[in-house]
1. Please list 3J(HN,Hα) in residue order for the stretch 159-165, calculated via the Karplus relation 6.51 cos²θ - 1.76 cosθ + 1.60 where θ = phi - 60°; whole Hz, with x for glycine and proline.
2. Sort 98-105, 226-233 by packing, meaning the average of other beta carbons within 10 Å per residue, with the highest value first.
3. By average Cβ neighbour count within 10 Å, what is the ranking of 122-130, 302-310, 249-257 from highest down?
4. Per residue, how big is the convex hull of the stretch 116-169 when only Cα atoms are used? Give it in Å³.
5. Quick check for you: with a 1.4 Å probe and neighbouring chains kept, what is the accessible area per residue of the chain, in Å²?
6. What distance in nm lies between label points placed 7 Å from Cα along the C-beta direction at ALA226 and GLU93?
7. Quick one: length gained pulling VAL208 to LYS343 fully straight, 0.36 nm per residue minus the C-alpha distance?
8. When the Karplus curve 6.51 cos²θ - 1.76 cosθ + 1.60 is applied with θ = phi - 60°, which whole-Hz ³J(HN,Hα) does each residue of the stretch 250-256 get, with x for Gly and Pro?
Amino acid sequence: MSKTHAFEFLDAHKDDQPIDFDVAGVYGADPALVSWVAMRLTGQGDVTRYDGDAVRWSDVVEELSIASLFDMGEQRTVVVRAADKFLSKSRSEIEAYLAGGPHACRLILQLDSLASNTKVYKLLDKQQHLICCYSETGQKSGVTAANRRSFLTKYMAPRHQVKMNAAAADALIEMLGHDMGMLDTEIAKLSLYLDPGGTIDEALVRDVVAGWQGKTIWQIIDAITAGDAAEALKQLDKLIDGGQPAIALLPQIAWSLRRLGLATSAHLAAERSGRAARLEESLNRAGITRPNEVSKAVKDMKQMTRARAAQLLPWLLDADLRLKGTHSAGGRDRFLLEQFVLKLAAKH
C-alpha cells in the first residue's frame, strides 16, 4: 500500500465491506477525518482502544496477541489514540512489529503527525495502510481546493441525504474554514431545510449559515473599515464567547478584507505604471463587480487610510500563518485575533 489521503480513502470505501489490513497509520490535524477513517477501518468488529499518553508497548503487544472470542475467527483491532508519544517511546519495538507479520490482530496508530523520513512512515507506506488526514490545502497535505470541494459534494453531502453544488461548497469553506467536523455539522443543519435528495446551493448557505453569526461578521468588518476598534472587538468577543473558534472566524473576516486588499494592490500597481485607474476598476479586478457591492466597497476603502489598505494582504497572511502555528492554542488564538482586529481598525 502507498500513502493515500482520507478524501480518497473514504470515498473509495463508502460501503460496509470489511477492509483487509494488518497495520494502519492514520495521521493528520483534522480530528473529524481521523475519526471517520478509524471508524471505517475498524468496522463493526471487536475493538480495544488505548490512549497513547498512558499505554505501554508491553500492554499493546499483549493485546495484539489475543485472538477474538466474539467475531468467529475475524481479526480484532487495537487502536492507539494520540499515539505520537507512544511512538516516540516505543519506536524500535513498533518498527520491528511493522517489519514482521502477519499478526493475530490489527493495529491502528492515530497520530497528529508523522515525518516522511522516519522508518515507521516508510514501512507503513510500503507494505501497510498509511492515510493522511489533513484538510488544509498545501503540498504537505496533498489537499487542493478542488479535491476538498469534491469531498464535500460527493461524500459529505450524501451522508445527509442531500446534494451540494460546487458554489455552495466554496461558500461554506469561505465562511467556516476547512475543519471537516464543523463543515459536516453545518451540512447536517442545511439538510433540514430540504427534502431528501434536494440540493444545497450557495444562496441557502449564505442565508442559513450566516444567520446572526454572519451579521456579526459584517458588523466587525464595517467597524474595521470605519476605524471603530471598540465596536469591532465587542462583536468579535460576542462570537468567541458564543463558542466560535478563532481558526474558523479568521477566514470569515478575511474573505471580504482580502478582496479590498487585492483591489488596493491592483490600484497601486496601476499608479506605479503611470496609469490613472479608477477605484471602481480596481475593485472589478479584485472580483467585486455587482453595483451594490462596488458602491459599498468604495465607501469602505475611502474610510480606511491608504496605508492600512495597502497592508491588508500582508497582515492577513501573517495572522493566518501564526494562527496555524505559534498562536494555535492556549488562549493565544483569541489574543492574536483581537490584536489583529485592533491593528486593522486603528485610525493611524
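The values are calculated or read from the model by the stated rules, or taken from the named source; none is laboratory data. As the structure is a prediction and not an experimental result, all values here were calculated from the model. Neighbour counts are summed over all protein chains in view; Cβ atoms, including those assigned to glycine, are modelled from backbone coordinates with ideal geometry. Just so you know, the surface numbers come from the protein's heavy atoms only, side chains and all, with ligands and any DNA or RNA stripped out. Shrake-Rupley method; radii C 1.70, N 1.55, O 1.52, S 1.80 Å.
1. With coefficients 6.51, -1.76 and 1.60, one gets 4, 10, 6, 9, 10, 9, 8 Hz.
2. So the order, starting with the most tightly packed, is 226-233, 98-105.
3. My ranking of the peptides, most packed first, is 249-257, 122-130, 302-310.
4. Given the Cα convex hull of the stretch 116-169, per-residue volume reads 95 Å³.
5. Accessible surface, normalised per residue, equals 50 Å².
6. Output for this residue pair reads 6.3 nm.
7. My answer for the length gained is 45.6 nm.
8. 4, x, 5, 5, 6, 4, 6
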